[in-house]
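Asker: Below you will find the structure I want to go over with you.
Here, each number is a calculation from the coordinates, and none is a lab measurement. As the structure is a computational prediction, the values presented were derived from the model and not from experiment. Glycine also receives a Cβ, built like all others from the backbone with ideal geometry; neighbour counts cover every protein chain displayed.
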Amino acid sequence: MKFKETIEKLMDTVINESGSDLHLSAGSHPVIRVDDALIPLQTSPELKPEDTEGIIRELLTEKQEKIFFDTQEIDFSYNYKNKARFRGNGFFQQGMISIALRFIPNDIQTIEELNLPQILKTFTEHKQGFFLVVGPVGQGKTTTLAAMIEMINQERSEHIVTIEDPIEYMYENKKSIINQREVGVDTKSFHTGLMSAFREDVDVILLGEMRDLNTISAAVTAAETGHLVFSTLHTNNAAQTIDRIVDSFPCEQQGQIRLQLSASLSGIFSQRLIPRISGGLVPAYELLINNSAVGNLIREARTHEIQTVIETSSELGMIDMNRSLADLVRRGEITPEDAFTFSIDPSALERLL
């Protein structure tokens, strides 16, 4: 097998079929994900163990290759002919190599093109604060943040630093200066890169993910000290996100982090990508905007009441996930069955439909 030709042909297939992911495993045909459905490429031969090993060697640098075979897993990115990027993960299963690749288009879509609410633009206009995009893996969090960063890039003169693992969307300097740092290549860790950013005359910070207590603490501090900070968490909604952040700290520090979070948080946006009846995916979402009422609930450890605030504050711009799902059903965009599947509170959704 000619490994370079094979991987390029498969990447072209993902792009041409509007796919989102490519899966390569020994003993199976290559598989692509299109509109959330996994489709085996029956016209491509089943991959042998030596095929997936050859492909991973083709995708990785010499340094990455050593890390992969030492640790048996790796996150990486691959620039495909300047046409697109792929975020990859290589891993071993049953002693053989498998590879998962996520397609990252070169073009960064706008908030309008992504069918996201216009109110997200207001969070790009802030000079400081902490804005989180949350949701399970594969729900478009990175793409949403890229649209927001690109809006700042086009409209304001700022110094933007991104810290990612790996780098996904590539930005071109427009009105802003953008420096992109990759964990393991340009900096040792998210926390190290974030602490370094404090000495880089930075205005806007994008943290690809908050993985540990030190990074979360530094991110909150950055938002408090005059920086606009964007990041992600793998949580289901706003209330769970706040609890996850607070619970990552020792008990004796939780009161302080609640106080800091109540003052620095700008908003939390949770999203899901739902199969569209006409084809493709459409987002449903929840938006929490921090105000005095929300800040009080955070400080007083009453996060269980935040959902009620969201549901009753649509006039302030907040968005309830169930109302978003119900609206998509009424517009004929998604099926009621899919709405219930993606709802965290199906009984509340039933009352809206």
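Asker: Karplus couplings for segment 123-128 from phi (6.51 cos²θ - 1.76 cosθ + 1.60, θ = phi - 60°), rounded to Hz, Gly and Pro as x?
Answerer: 3J(HN,Hα) across segment 123-128, in whole Hz: 6, 7, 8, 5, 8, 7.
Asker: With bins 20 Å wide starting at 0, give me the P(r) of the chain over every alpha carbon pair, in whole percents.
Answerer: Calculated P(r), rounded to whole percents: 28, 56, 16, 0.
Asker: In a solvent-free Debye calculation with one equal scatterer on each Cα, what is log10 I(q)/I(0) for segment 289-353 at q = 0.25 Å⁻¹, listed in the order of the q values?
Answerer: One equal scatterer on each Cα of segment 289-353 leads to -1.00.
Asker: Rounded to the nearest Å, what's the spacing between the alpha carbon centres of segment 122-187 and segment 1-76? Just the number, please.
Answerer: If you average the Cα positions of each part, the centres end up 27 Å apart.
Asker: Moving on. What ranking do Asp320, Asp203, Asp35, Asp107 get, fewest neighbouring Cβ atoms within 10 angstrom at the top?
Answerer: Final ranking by Cβ density, sparse to dense: Asp107, Asp35, Asp203, Asp320.
Asker: Right, another one. Within the chain, which is the longest segment containing none of the trypsin sites (Lys or Arg not before Pro) that sit in a DSSP loop and have at most 13 other Cβ atoms within 10 Å?
Answerer: 200-301
Asker: Now a separate question. Net charge near Ser231: determine it from the other residues with C-beta under 13 Å of the C-beta of Ser231, scoring Lys and Arg +1 and Asp and Glu -1. The partial results should precede the final answer.
Answerer: Working: positive: Lys141, Arg211, Arg244; negative: Glu164, Asp165, Glu209, Asp212.
So the surrounding residues net to -1.
Asker: Using only helices, what value at 222 nm comes out for the chain when you add -39,500 (n - 2.57) per DSSP H run of length 4 or more and divide by the total residues, to the nearest 500 deg cm²/dmol?
Answerer: The helix-only estimate for the chain comes to -11500 deg cm²/dmol at 222 nm.
Asker: Defining a contact as two alpha carbons under 8 Å apart and six or more residues distant in sequence, what relative contact order in percent does the chain show?
Answerer: Relative contact order comes out at 12 percent.
Asker: Looking at segment 3-105 from every direction and averaging, what is the projected area of its Cα convex hull in nm²?
Answerer: Details: hull surface 24.5 nm².
Dividing the Cα hull surface by four gives the mean projection, 6.1 nm².
Asker: Could you give the distance between the Cα centres of segment 315-353 and segment 218-237, to the whole Å?
Answerer: The two parts, judged by their Cα centres, are 28 Å apart.
Asker: Before anything else, pin down the relative contact order of segment 129-220: Cα pairs under 8 Å, at least 6 apart, normalised by residue count, whole percent.
Answerer: Relative CO of segment 129-220 lands at 28 percent.
Asker: If you build a Gaussian network model of the chain, linking Cα atoms that sit under 10 Å apart, which residue out of Asp12, Asp165, Asp70 swings the most?
Answerer: Asp70
Asker: To continue, here is another question. Non-local amide H neighbours of Thr187 (under 5 Å, H modeled in plane, Pro and chain starts lacking H): which ones?
Answerer: Glu182
Asker: If you don't mind, another one. Please list, ordered by chain and number, the residues whose modelled amide H lies under 5 Å from the amide H of Ser28; skip anything fewer than 5 residues away on the same chain.
Answerer: When sequence neighbours closer than 5 places are left aside, the close amide H contacts are Leu47.
Asker: By how many degrees, 0 to 90 and rounded to 10, does the Cα axis of helix 238-247 deviate from the longest principal axis of the chain?
Answerer: Long axis of 238-247 versus the principal axis of the chain: about 90 degrees.
Asker: Determine the dipole magnitude for the chain: charges of +1 sit on the beta-carbon of Lys and Arg, -1 on that of Asp and Glu, nothing else is charged, the reference point is the Cα centre, and the result goes in debye to the nearest 20.
Answerer: 280
Asker: Over 29 Å between Cα atoms, which of Lys141/Lys175; Lys63/Lys175; Lys9/Lys175; Lys141/Lys174; Lys2/Lys63 qualify?
Answerer: Checking Cα-Cα distances, Lys63/Lys175; Lys9/Lys175 exceed 29 Å.
Asker: For helix 213-224, report the angle its Cα long axis makes with the longest principal axis of the Cα atoms of the chain; keep it between 0 and 90° and round to the nearest 10°.
Answerer: The answer is roughly 50 degrees.
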